[in-house]
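Reviewing the structure listed below.
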């Protein structure tokens, strides 16, 4: 069965979301699910807007103290997942992440930036 959905196109918002996934996210080994964790709930709201997703932001709790330690979003998108593999992101990236294939126009002074504020 072919995955349904729109093909992914580069935009400043997509580039920003890829940066967040690279630093604070992960790709599941199942070939479908993505997860991003942050202490900053506004960062996760921006991430949601960048990708146009409606998934809930949920709390993560420390296994040691049982206190809320961060927030996260988990969602499934086979098309995005395969696209991320194609640009160089991979599951278990911690020790293997290399240079991602991101168009140069989304970098300024070696930093990934949005050209406009996300509203």
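Among 82, 56, which comes first, then next, by fewest other beta-carbon atoms within 10 Å?
56, 82
Grab the eigenvalues of the alpha-carbon gyration tensor for the range 1-77, scale each by 5, take roots, and send me the semi-axes largest first in whole angstrom.
Equivalent-ellipsoid dimensions as semi-axes: 24, 15, 10 Å.
Every read-out reported here was derived from the displayed coordinates using simple, explicitly stated rules and does not represent laboratory data. Keep in mind the model is a prediction, meaning the values are calculated, not measured. Neighbour counts are summed over all protein chains in view; Cβ atoms, including those assigned to glycine, are modelled from backbone coordinates with ideal geometry.
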